[in-house]
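Enquirer: Below is one structure. I have some questions about it.
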Amino acid sequence: MTTSQLPVAGRADVRRATLRLVKADRRAFTAALLLNALAAATGLVGPWLVGRIVDAVRAGRGVGSVDRLALWILLCSLAQLLFARAARYVGHRFGERTLARVREEFVERALALPASVVERAGTGDLTARGTADVSTVGTTLRDAGPEMLVCAVQALFVMGAVFALNPLLGVFGVLGLTPIWCALRWYLRRARDGYLTEGATTSGVAEIVTATVTGARTVEALRLQEQRIAASRDALEANRKARFYTLYLRTVFFPAVEVSYSIPVAGVLLLGGMLHVGIGVVVSAALYLRQFSEPLDQILMRVEQLQSSSASFARVEGLAQAPRAAADRAAPAPADDRIDVRGVRYAYERGGEVLRGVDLTVRPGERLAVVGPSGAGKTTLSRLLAGVEAPGAGTVTVGGVPIAGLEPERLRRQVVLVTQEHHVFLGTVRDNLLIAEPAAPDEDLWAALTAVGADAWVRGLPEGLDTRLGSGGCATDGSQAQQLALARVVLADPHTLILDEATALLDPTTARHTERALAAVLEGRTVIAIAHRLHTAHDADRVAVMENGLLTELGTHEDLVAAGGAYAALWSTWHGDKAP
């Protein structure tokens with residue numbers, strides 16, 4: 001299966017998402033704008049009063065006049081400080097609430113992704129978006145966003161004040177900003193693509209590291225260390241080049257901007273002297289333009305962060321464009337719980353056919369074991385039966401309705417796939433179990449743990465169900481993690497349970513006890529067990545044998561052993577004796 005990264009939202013989609021987030025908390029956004037405007041307005045008084053002081057001194061007025069003007073400067077500065085503080089407080093609260101919405105949307109969209117989409121994209125891409133990209137967006141919303149809002153309002157007010165003093169000086173001041181505008185256009189044309197490439201290569205590094213760590217035992221067993229190191233170096237080199245490109249953009253942009261700051265101020269002083277404009281007006285205009293450089297500097301400093309955040313937000317928002325889990329709410333409800341597989345073929349991208357015309361009927365309440373050598377197509381069949389994948393040809397239905405077309409909630413009530421890959425969530429044992437059934441009382445939790453043989457070690461924990469697991473709590477081994485996952489399945493109470501090597505990490509005695517306990521608990525429900533341990537097949541109602549993508553044998557354990565075919569050979573090999 002090849003890796004194809006998840007979609008990235010376009011500029012228009014990012015703008016629409018931004019407007020949606022602003023509208024969701026428009027009152028706080030409006031309050032922040034108003035407070036910023038008041039802070040900017042009070043900040044304009046100081047330079048204007050300085051000009052009046054200059055004129056007063058030239059006119060020979062007394063010290064009292066200057067002191068009164070200076071007192072007003074102090075009061076306006078204090079008011080500006082208070083308004084700016086309130087604006088930043090409101091802006092930061094707006095940013096935190098908006099970040100919470102971004103995170104919640106990301107989690108909802110990630111959970112709605114079909115497992116097949118996540119696997120094709122690679123967990124590294126999704127992980128990078130949910131960590132580095134969301135963190136970048138959060139920093140912008142919390143810090144850069146409010147700061148740019150304050151600075152933008154201040155810059156507009158300051159430039160408006162220059163025009164109010166003398167329109168000609170205002171025009172010259174704007175023209176003096178032309179080099180900054182040219183440098184900004186040069187930067188913006190290149191920055192978004194550069195940061196998107198940087199984000200993609202970061203995902204590539206995360207994917208390589210995740211895959212290597214997950215398959216560490218396989219890497220060691222097959223002596224693939226050099227290949228994995230080479231792949232890691234290639235991913236890191238691509239990431240290094242992408243980061244150096246964005247660094248190059250910054251090293252060109254910022255020096256050009258810094259040099260350009262002095263041009264408007266020098267131009268206004270020269271033009272004011274040539275046109276014999278009042279010295280108080282020239283001083284005020286020069287102070288305004290000097291004051292203008294401060295918010296403009298902050299804005300331009302934040303532009304780099306905004307470009308990085310925009311690229312990150314495009315990657316986060318891109319999940320909205322990813323294929324969703326089947327949600328055809330108009331699809332009819334299954335007539336019953338019978339599962340039919342008819343003429344199913346399936347092939348992964350850039351690979352040969354894994355299933356080549358499989359026909360199978362699973363009766364309600366039946367315990368079916370699917371066995372066969374590695375690569376025979378057992379796991380692929382389990383994914384089709386669980387609705388994770390849709391067949392390339394043929395049909396997989398439950399009650400006459402295509403399984404892959406069922407709405408997610410209805411699908412989960414019908415079929416649950418349990419693999420050997422399990423996760424222990426941060427929290428208590430109770431938290432880990434209530435994920436499956438939030439309203440379950442403690443009696444049901446203990447019953448589920450007992451059903452999978454986990455009650456003994458849970459009772460031995462310091463605080464029982466309230467013992468914290470994971471980081472900072474009690475550690476769990478692979479078998480305990482599997483038992484917790486199976487207990488969640490018992491609580492979820494699906495009609496059909498597919499066990500794909502679900503007890504592979506348990507020792508044989510515990511595995512057999514767990515499978516028998518599960519079978520007892522799920523009496524009357526359909527259980528499809530896909531495993532290499534043939535005691536599972538011995539206990540099943542029927543056994544399906546997969547070979548080379550085909551279903552070659554189907555029947556009871558006794559019948560297949562008596563037939564002397566592929567299953568009999570497997571049984572003989574597993575027991576270490578000759579087939580009867």
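The values are calculated or read from the model by the stated rules, or taken from the named source; none is laboratory data. Not measured: the values here are computed from a predicted model. Every residue, glycine as well, gets a Cβ built from its backbone with ideal geometry; the counts of neighbours run over all protein chains shown.
Enquirer: If you take the residues of segment 77-121 that are surrounded by 14 or more Cβ atoms within 10 Å (Cβ to Cβ) and acidic (Asp, Glu), which of them is nearest to ALA37 (Cα to Cα)?
Expert: Top of the filtered list is GLU105.
Enquirer: Against the definition (in contact (Cβ under 8 Å) with a residue 60 or more places away in the chain, assigned to a helix (DSSP H, G or I) and at negative phi), how does THR131 come out, yes or no?
Expert: So THR131 does not fit the description; no.
Enquirer: While we're looking at this one, here's another question. Determine whether ALA183 is at pLDDT 80 or above, of a type in the set (A, V, I, L, M, F, W, C) and surrounded by fewer than 18 Cβ atoms within 10 Å (Cβ to Cβ).
Expert: Considered against the rule, which asks whether it is at pLDDT 80 or above, of a type in the set (A, V, I, L, M, F, W, C) and surrounded by fewer than 18 Cβ atoms within 10 Å (Cβ to Cβ), ALA183 comes out as no.
Enquirer: Please go through segment 207-235 and pick out each residue that is under 23 Å from ARG192 (Cβ atoms) and not small (Gly, Ala, Ser).
Expert: Initial filter on segment 207-235 (under 23 Å from ARG192 (Cβ atoms)): 207, 235.
Correct list: GLU207 only.
Enquirer: Quick check: anything in segment 374-384 assigned by TED's automatic domain parsing to the domain that holds GLU437 and either part of a strand (DSSP E or B) or over 25 Å from ALA566 (Cβ atoms) (or both)?
Expert: No: segment 374-384 contains no residue that is assigned by TED's automatic domain parsing to the domain that holds GLU437 and either part of a strand (DSSP E or B) or over 25 Å from ALA566 (Cβ atoms) (or both).
Enquirer: Keeping to segment 384-439, report how many residues are farther than 28 Å from ASP455 by Cβ and touching a Phe, Trp or Tyr at 6+ places or on another chain (Cβ under 9 Å).
Expert: The number of residues fulfilling the criteria is 7.
Enquirer: Can I ask one more? Hey, among ARG192, ARG223, which residue is assigned to a helix (DSSP H, G or I) and not aliphatic (A, V, I, L, M)?
Expert: Going through ARG192, ARG223 in turn, the sole match is ARG192.
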